[in-house]
């Protein structure tokens, strides 16, 4: 994808009014070991994003990259771009992150996100990493690695955030987990509630079930699960009130992108389709319906 004009045309062809732009190769940003180099790249990307892609009111919006290598610098980048009319989100990678995002070292990022009212998007990617939750070196095919890596990195970081009470400490923080599908969400909710009933002393800051906080989070469709019977997917969505928390994502222009028509095929209510294909994301991103 060479320019904003080309991207706009492609999204028009897909019937997409508003597109949120995320980095591509920087999905592996967490793999960079030199903090100063990683920070310089993030700052350069943010400048390029704003100058080259977000200069027009054409339905293209951007997610500013917060270099998690230094959360104080990341918070400064968030505040720097928060007032730009087309910056609508914060991007953080989930793969190869150490420590996980429940660690208090990331509190400056959450403080800045809550202060600026920008949602944080945790984005997954397939990677080779020697430690849990990846262990991808143990597989011999991309098939297996791709099945595991995307949901596992989101599960691990979400669980870490719940473990340290991030939703309690930052009650107005809005978060979304992207490119991991949605099938894992109800499983995790039921699993953590079972554990919580037995080990509440580990999480004294919750007054109710931890899963109630997951219901306030958002989860993107791509890569949407494809069961033989789509009614199974509709039933899965109902298990976590997904009609109010699932947001459509295309992953365009990657080869395995999802077309909006795939979501239209899920047998949820008509209102549910409208929410998943648009209004949930508008609410998450504080956006109005595009007028172009």
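Each value in this text was obtained by applying a stated rule to the coordinates, not by laboratory testing. Here the structure is a predicted model, which means the values were calculated and not measured. FYI the Cβ positions are ideal-geometry reconstructions off the backbone, even for glycines, and counts take in every protein chain you see.
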Protection proxy (average C-beta count within 10 Å per residue), highest first, orders 158-169, 199-210 as 158-169, 199-210
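Looking only at the chain, where both bridge partners belong to it, what percent of the DSSP beta bridges are antiparallel (to the nearest 5)?
0 percent
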With each run of n ≥ 4 DSSP H residues scored as -39500 (n - 2.57), what mean residue ellipticity at 222 nm is computed for the chain after dividing by its residue count and rounding to the nearest 500 deg cm²/dmol? -11500 deg cm²/dmol
Just checking my list (i) 58, 44, 43; (ii) 54, 47, 42; (iii) 68, 44, 39 against Cα extents along the principal axes in Å computed from this structure; which label fits? (ii)
Contact order relative to length for the chain, counting C-alpha pairs under 8 Å separated by 6 or more residues, stands in percent at 14 percent
Hey, in the GNM for the chain with a 10 angstrom Cα cutoff, which one of 155, 247, 192 fluctuates hardest? 192
Candidates 243, 225, 179; GNM for the chain (alpha-carbon contacts under 10 Å) flags as most fluctuating 225
Can you tell me how the range 240-292 classifies by the Cα gyration tensor, rounded, prolate or oblate, using a/c under 1.5 as the rounded cut? oblate
Grab the beta carbon distance between residue 33 and residue 207, set R0 = 41 Å, and tell me the FRET efficiency rounded to 0.05. 0.50
I want to check the label-to-label distance for residue 52 and residue 265. Put each point 7 Å from Cα in the C-beta direction and report it in nm to one decimal. 3.5 nm
In a Debye calculation with equal point scatterers on the alpha-carbon sites of the range 120-230 and no solvent, what is log10 I(q)/I(0) at q = 0.20, 0.23 Å⁻¹? -1.11, -1.29
Classify the range 160-214 as rounded, prolate or oblate, taking a ≥ b ≥ c as the square roots of the eigenvalues of its Cα gyration tensor: rounded when a/c is under 1.5, otherwise prolate if a/b is larger than b/c and oblate if not. oblate
